[in-house]
1. Leaving ligands, DNA and RNA out of it, rank SER366, SER34, SER211 by accessible area with a 1.4 Å probe, largest first.
2. Given a 1.4 angstrom probe, what's the average accessible area per residue across the stretch 248-375, in square angstrom?
3. For a quick check of your reading of the filter: which trypsin sites (Lys or Arg not before Pro) in the stretch 226-263 sit in a DSSP loop and have no more than 11 other Cβ atoms within 10 Å?
4. Which value in nm describes the separation of the simple spin-label points at SER165 and ILE374, placed 7 Å from the Cα toward the beta carbon?
5. How big is the stretch 221-360 along each principal axis, measuring the range of its Cα positions in Å and listing the largest first?
6. Test of understanding: what is the full-extension gain from HIS33 to THR273, defined as 0.36 nm times their sequence separation minus their Cα-Cα distance?
7. Return the sequence-ordered ³J(HN,Hα) values of the stretch 268-274 in whole Hz as given by the Karplus equation 6.51 cos²θ - 1.76 cosθ + 1.60 applied to θ = phi - 60°, using x for Gly and Pro.
8. Whole angstrom only: what separates the Cα centroid of the stretch 40-79 from the Cα centroid of the stretch 298-318?
Amino acid sequence: MSQPYPFIDPTLFTQHAGGELYVDLSAIVQNYHSLQKKVAPAQCGAVVKANAYGLGMVPVAKALAKAGCKEFFVAHLDEGIALRNILGKEYLIYVLHGVPYGTESIFLKHYLIPILNDIHQLQRWSSLCKDHQTSYAAGVQFDTGMSRFGIGQDELSNLQQVDWSIFHPILVMSHLACADTPNHIANQHQLEQFHILKQLIPNCRSSLAASSGIFLGNDWHFDIVRPGVALYGGNPTPSQPNPMKNVISLQGKIIQTRHISKGAFIGYGASFTATKDMRLALISIGYADGFFRAFSNKISATSPKFPGTPLALLGRVSMDSLCLDITNLPEVAIQVGDKIEIIGDHCSIDTLAQEADTIGYEILTSLGNRYHRIYT
Ligand SMILES: *Cc1c(COP(=O)(O)O)cnc(C)c1O
């Protein structure tokens, strides 16, 4: 039998897991409140696609709903169904990828709101409304320059072919390509395009900004904003200090310690050679857990018992393990079974992202399924 969302049984990896991922739900809620305050009187929704960026859609969405969030965005229909199972009908759930052929009745059954991204989806939804003489809730997306989702310039002339007699969209939206670069010329251009295109769907709420767009200013807020990564502690303003609260702490367990002599090498490819006698700790987290091989020899971890002492990651990250230099910690105080913080206040997802030449989003959504997720 096929598995429903969430893909992974969260009870599978418990106290025996090699890593514990602490997710601070109160920090997510604080981030939500600070964004909501920033955009008021606009509404703040929440993007919980991709299992809430790897942190767990069910606990995250429940916490946000309790904190007053009324509108949620997911990417896939299955994510929407899973979310509807835990949220009452009064919460709006938008499915960003739109309505695939033949799934219309599933949307209606679960009170899901498709974002209609092309003319065919619009035509199908409007005829459904006509057939049932009911304007079922849906949003319409325009492409304002990103050439990704939404109705583009090439389809605008076809809008007249849509039967608008019954169907009236409840949201018109678009998405910014360069919002994390405030001075990028594309931002202003997309804003102007959005002002023009949204008039094609009059008397309708509108939405343009995701996390970074919120920080471009009030002109970008419209009626509802759609933050994702900022809720989860990622920096929406990469050129400036992070205004959001850190949400996660990833703690790896020590599975072995050893002493090595000067001249010994460490790990695959012998990419590190000891310059002195050292003590090492093997941690039960590797690239199969989404902890990239690109971090090899680049970052440091920290022991909660000795937060001031950086523990350098030495050699390559293996599939299931990584190696830390614990030479500078008192020998009796660090033993097998102890936990070491790998991601957290000392080393943020954005810092890690820089080391791997990527963005915090990819660090979050790669967080492995073998971690025991603990919600605080
Ligand atoms: C993923 C997504 C968001 C959220 O983006 P963040 O940068 O994480 O805030 C908002 N809108 C759309 C259309 C998206 O695909």
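The values are calculated or read from the model by the stated rules, or taken from the named source; none is laboratory data. Only a predicted model underlies this, so the values are computations on that prediction, with no experimental measurement involved. Quick reminder, even Gly has a Cβ in these numbers, built from the backbone with ideal geometry, and neighbours come from all protein chains shown. For accessibility, only protein heavy atoms count, side chains too; no ligands or nucleic acids. Shrake-Rupley method; radii C 1.70, N 1.55, O 1.52, S 1.80 Å.
1. Solvent-accessible surface, decreasing: SER34, SER366, SER211.
2. Counting only protein heavy atoms, the per-residue value for the stretch 248-375 is 46 Å².
3. Hits after loop and neighbour filter: LYS262.
4. Using points 7 Å along Cα→Cβ, the separation is 6.2 nm.
5. 63, 31, 25
6. 81.6 nm
7. Computed from phi, the couplings for the stretch 268-274 are 3, x, 6, 7, 9, 10, 5 Hz.
8. Comparing the Cα centres of the stretch 40-79 and the stretch 298-318, I get a distance of 33 Å.
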